[in-house]
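The structure appears below as C-alpha cells.
The values are calculated or read from the model by the stated rules, or taken from the named source; none is laboratory data. Quick caveat, the model's predicted, so the values are computed rather than measured. Using ideal geometry, Cβ is built from the backbone for each residue, glycine included, and neighbour counts are taken over all protein chains shown. For the accessible areas, the whole protein counts, side chains as well, though only heavy atoms, and no ligand, DNA or RNA atoms are used. Shrake-Rupley method; radii C 1.70, N 1.55, O 1.52, S 1.80 Å.
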Amino acid sequence: MRSPRLAALELRRFGRGKLPRAALVALLVLPLLYGALYLWSFWDPYGRLDRIPVALVNDDKGATADGHRLTAGADITKGLHKSDTFDWHQVSAEEARKGVEDGTYYLSLTMPADFSRRIASSAGDSPETGALQVRTNDANNYIVGQISRTVFAEVRQAASTKASRSFLDRIFISFSDIHGATVKAANGADDLEGGIGKAEKGSQDLAAGLKDAQAGSGRLSDGLARLDSGSGDLADGARQVADGTRTLADRVNGIADKVGPFVADNEKSIGDTARLVADSAGAVRHNLGTLVRTAPAAAQGAHKAADTLNAVYKARCTDAVLPDPACADLKKAQQAASDAARVADDVNALVADQNGDLKKLDGQLATLQKQAKALADRSPRLSEDLDDAVAKIDKLNAGAQKVAAGARTLHSGLGSATTGAQALDDGIGRLSSGADTLSGGMYKLADGSGKLAGGLHDGASRIPDYDKKDRDQRTDVMADPVQLVSRDLHKAPNYGTGFAPYFIPLSLWVGAMVAYMLITPMNRRALAAGAAAWRIALAGWLPVVAIGVLQTLALMSVLHWAVGLQMARAAGTVGFLFLVTACFAAIVQWLNARFGAAGRILVLALLMLQLTSAGGTYPVQTSPGFFNALHPFLPMSYVVEALRRLITGGGLTPVWHACVVLLAFTAGALALTAVSARRRQVWTLDRLHPELTL
C-alpha cells in the first residue's frame with residue numbers, strides 16, 4: 001500500500017465518532033490557542049503603561065536664581081501629568097511609601113524639597129546636583145522596575161538638559177554683558193587716548209613755553225641784579241652827597257660868623273670842596289638816570305613772564321581734560337612770577353611816584369653841580385657870595401637828605417625783587433626740566449593708551465555677543481550636545497510583532513508534539529504487513545504534516561486578521577511555516593518512533609533546549625556558554641532568525657539558509673524514522689513488555 005493511502009487511512013480514523021472528531025478539532029486549534037493567546041497577551045505592553053499606577057511626590061519648595069523664580073519640581077510634575085507614561089497619582093511622601101510597600105503603586109517618584117535649590121546652585125559658588133528619588137518594589141513586579149529605570153532616566157535627562165540650558169543661557173548673557181562692558185571700555189580708552197594725545201601735545205607746548213619763560217626770567221633776574229647793583233651805587237652816592245652836604249651845611253652854619261675870615265684864609269680849600277661836590281652830583285645824576293630808564297623795562301619783562309606762566313597754568317591745569325602732573329610746580333612758578341612782577345611794579349611805581357622828586361632832585365643836582373662848579377670857579381670870590389652860598393647849601397643839604405632816603409628805599413626794594421627773580425628763575429628751571437620729563441612720560445602714556453584702546457577693541461571683537469536667537473540655539477546644542485539619531489531599517493511596530501518569530505514556531509512544535517499523541521508515528525498495519533521502511537516513515541509523517549498545514553493556516557489567519565500581525569512577506573512567511581511544520585513533524589515522529597513513550601519526554605526536553613538557545617527574546621550571546629554552544633545545532637535557531645526577516649523585512653539570506661537546514665533536518669529525521677521502522681518490524685521482548693508506557 002502506498003504511503004499517501006496509508007496516511008489517508010490514518011486520518012480517516014478521526015471521522016468515526018464524535019470524540020475523535022473533537023480531538024481532531026482540538027488538535028487543529030491547539031497551536032492557535034498556544035501561539036495566538038501568547039502573542040495577544042504580549043502584543044503591546046508598552047502602549048498600555050498609562051494603566052500602571054505610580055505615586056508622584058512633589059516636595060520641592062522652589063528657589064530663586066538671578067531674580068527669577070525656579071520651580072523645577074512643579075515643571076516636571078506638570079510634564080509627567082501630560083505624558084502617557086504611567087498612571088500618575090500625586091500623593092504625600094508617606095502615602096507613596098506605604099503604597100509601594102503594599103502594592104497600591106508599583107513605584108514612586110519623589111522631587112525632594114531642595115530639588116530646585118540644588119539646580120539653581122549651578123550658577124553659584126557651590127554647585128550641587130539635584131536628585132530625583134525613585135522607590136521600586138520588585139516584589140510587586142520586576143519588569144515594571146526595569147521599565148521605570150528607562151523612563152526615569154529620560155525624565156532625569158530632560159530635567160538635566162533644562163537646568164543646563166538655564167545655566168548656559170546665563171553664561172551666554174554674561175558673555176554679552178562682558179562684550180558690552182569691553183566695548184564701553186574700548187570707547188573710553190579711545191577717549192582717553194585722544195585726551196592723552198592732547199595732553200602730550202600740551203606738555204610739549206608747556207616745555208617750550210617754560211623754556212621761553214626761563215629765558216625771560218633769566219633776563220629779568222639779570223636786569224634786576226644790575227638794577228640792584230646800580231641802586232646800591234646810587235644809595236652810596238646819595239649817602240655820600242648827603243653826608244657831604246650835611247658836613248658842608250654844618251660847617252657853613254657853624255662858622256657862619258667866622259666864614260668871612262675863614263673863607264678869606266681858605267679860598268683854595270673851598271674851591272676844592274666845591275669841585276668835589278660837583279663831581280659827586282654828576283655821578284648821582286648819572287646813576288639816577290640809569291634807574292629811571294631800566295625800571296619800566298624790568299617791570300614789563302616781569303609781567304610778560306608772569307603772563308606766560310598764567311597761560312601755561314590755565315592750559316595745563318584749569319582747562320585740561322586730565323590734570324597735568326606738574327600743576328603743583330606750575331602753581332609755585334606762577335606765584336613766584338606774580339611776586340616778581342609785583343616787586344617790579346613796586347619799583348617802577350616808586351620810580352614813577354618819585355619821578356617828580358627825582359626830576360627835581362636831578363635838577364637840584366644839576367643846579368648843585370652847576371653851583372658847585374660856579375662856587376669852585378668863584379671860590380676866589382667866596383667871601384663876597386658867602387651869604388648866598390650859606391642859604392643855598394642849607395637847601396642843598398635838605399634835598400640831598402631826601403635823595404639819600406629814597407635811594408635807600410629803592411635799593412631795598414630792588415634787593416627783594418632780585419631775590420624773587422632768582423627764585424623765579426630757579427623754579428622755572430626746575431619746571432622746564434620737569435616739563436621735559438612730563439613730555440617724555442606723556443609720549444609713553446599716549447603710546448600705551450593707544451595699545452590699550454587697540455587691545456580692548458581686539459578683545460571686544462573676540463568676546464561673543466549673542467542675540468536671543470543665537471543664544472537659544474547655542475544653549476540647546478551645549479545643553480544636549482549629543483543627539484541619538486537612530487534609523488531602524490526594519491522596525492517592528494509593537495512588542496508582539498517582535499516576539500512573533502519566537503512564539504509561532506513554539507506553537508507549531510507543540511502542535512506536532514500533541515498530534516503524535518493522537519497519531520502513531522508508524523502505521524501498525526504497515527508494520528504488520530511488512531511494508532517498506534521508508535513507506536512506513538512517510539505514512540506516519542504525512543498525516544501530521546497535513547494537520548500542521550491546517551494549524552499554520554488557522555494560526556496565521558487569526559494572528560493577521562484578529563490580533564493584527566503585519567508581515568512584510570506574508571506568502572513567504574506562510575510557505576516557510578509549512579516547511580517548519582514538516583521539519584518539526586519529522587523530528588517529533590522520529591523521537592516517538594525510536595524511543596517510544598520516552599520519546600515524548602525527549603520531545604518536551606528538546607523543546608526546552610530550543611527555546612533557551614534560539615535567541616528568541618534576548619540575543620543568544622547574553623546566555624550562558626552552554627546555550628551558545630547549542631544554538632547552531634538546533635532547527636528553531638534558524639527558524640526564529642528566518643521569521644524575523646520574513647515578518648519585519650530584511651535580506652533573505654538567513655531564510656534560504658534556514659530552508660536548507662530544515663530540509664536537512666527533515667530528511668535526516670525521516671531517514672532515522674525509516675531505520676526505526678525497520679527495527680520495529682522485528683518483535684522483541686522489549687516490544688512485548690515495554691519498560692515504560694504513557
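Consider I647 against the criteria (1) within 60 Å of the chain's Cα centre (by Cα); (2) modelled with pLDDT under 85: it satisfies all of them except one. Which criterion is unmet?
Answer for I647: the failing condition is (2).
Can you run down the residue pairs with Cβ atoms below 8 Å, 6 or more apart or on separate chains, where the first is in the stretch 233-255 and of a type in the set (G, A, S) and the partner is at pLDDT below 75 and open to solvent by 60 Å² or more (accessible area, probe 1.4 Å)?
Filtered contacts from the stretch 233-255: A235/R408; A235/H411; A238/R408.
Hey, any hits in the stretch 197-207 for a residue that's within 17 Å of A297 (Cα to Cα) and modelled with pLDDT of 70 or more?
For the stretch 197-207, residues within 17 Å of A297 (Cα to Cα) and modelled with pLDDT of 70 or more: absent.
Among the candidates R535, R525, single out the residue that is over 20 Å from P31 (Cα atoms) and either among the polar types (S, T, N, Q) or surrounded by fewer than 19 Cβ atoms within 10 Å (Cβ to Cβ) (or both).
So the residue among R535, R525 that is over 20 Å from P31 (Cα atoms) and either among the polar types (S, T, N, Q) or surrounded by fewer than 19 Cβ atoms within 10 Å (Cβ to Cβ) (or both) is R525.
Does L652 satisfy the criteria of being more than 60 Å from the chain's Cα centre (by Cα) and open to solvent by 40 Å² or more (accessible area, probe 1.4 Å)?
no
Run Q566 past the list (1) open to solvent by less than 60 Å² (accessible area, probe 1.4 Å); (2) outside any helix (DSSP H, G or I) and report the number of the one that doesn't hold.
Against the list (1) open to solvent by less than 60 Å² (accessible area, probe 1.4 Å); (2) outside any helix (DSSP H, G or I), Q566 comes up short only on (1).
Of the residues that sit in the stretch 571-600 and are open to solvent by 50 Å² or more (accessible area, probe 1.4 Å) and not basic (K, R), which one is farthest from the chain's Cα centre (by Cα)?
Step one: list which residues in the stretch 571-600 are open to solvent by 50 Å² or more (accessible area, probe 1.4 Å), which gives 571, 578, 590, 594-595, 600.
Of the ones still in play, those that are also not basic (K, R) are 571, 578, 590, 595.
Numbers: A571: 62, F578: 67, W590: 76, F595: 79 Å.
Checking each candidate, the answer is F595.
A quick yes/no check of all residues on (1) at pLDDT 70 or above; (2) outside any helix (DSSP H, G or I); (3) open to solvent by less than 20 Å² (accessible area, probe 1.4 Å); (4) closer than 28 Å to S338 by Cα:
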site: A407; (1), (2), (3), (4): no, no, yes, yes
site: H411; (1), (2), (3), (4): no, no, no, yes
site: Q422; (1), (2), (3), (4): yes, no, no, yes
site: D425; (1), (2), (3), (4): yes, no, no, yes
site: D436; (1), (2), (3), (4): yes, no, no, yes
site: D447; (1), (2), (3), (4): no, no, no, no
site: K451; (1), (2), (3), (4): yes, no, no, no
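Does the stretch 571-591 contain at least one residue that is touching a residue at least 40 places away in the same chain (Cβ under 8 Å), touching a helix residue (DSSP H, G or I) at 6+ places or on another chain (Cβ under 8 Å) and over 22 Å from V661 (Cβ atoms)?
The initial filter retains those residues of the stretch 571-591 that are touching a residue at least 40 places away in the same chain (Cβ under 8 Å), namely 572-573, 576-577, 579-590.
Checking the rest, the ones that are also touching a helix residue (DSSP H, G or I) at 6+ places or on another chain (Cβ under 8 Å) come to 572-573, 576-577, 579-590.
Subset that is over 22 Å from V661 (Cβ atoms): none.
For the stretch 571-591, residues touching a residue at least 40 places away in the same chain (Cβ under 8 Å), touching a helix residue (DSSP H, G or I) at 6+ places or on another chain (Cβ under 8 Å) and over 22 Å from V661 (Cβ atoms): absent.
The rows are residues; the columns are (1) in a strand (DSSP E or B); (2) modelled with pLDDT of 75 or more; (3) surrounded by 17 or more Cβ atoms within 10 Å (Cβ to Cβ).
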site: W43; (1), (2), (3): no, no, yes
site: Y46; (1), (2), (3): no, no, no
site: A55; (1), (2), (3): yes, yes, yes
site: K61; (1), (2), (3): no, yes, no
site: G73; (1), (2), (3): no, yes, yes
site: T110; (1), (2), (3): yes, yes, yes
site: S121; (1), (2), (3): no, no, yes
site: S148; (1), (2), (3): no, no, yes
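Determine which member of the set L555, L611, L604 is within 13 Å of L506 (Cα to Cα), in contact with a Pro (Cβ under 6 Å, 6 or more places away or on another chain) and either modelled with pLDDT under 90 or not in a helix (DSSP H, G or I) (or both).
From the options L555, L611, L604, the qualifying one is L555.
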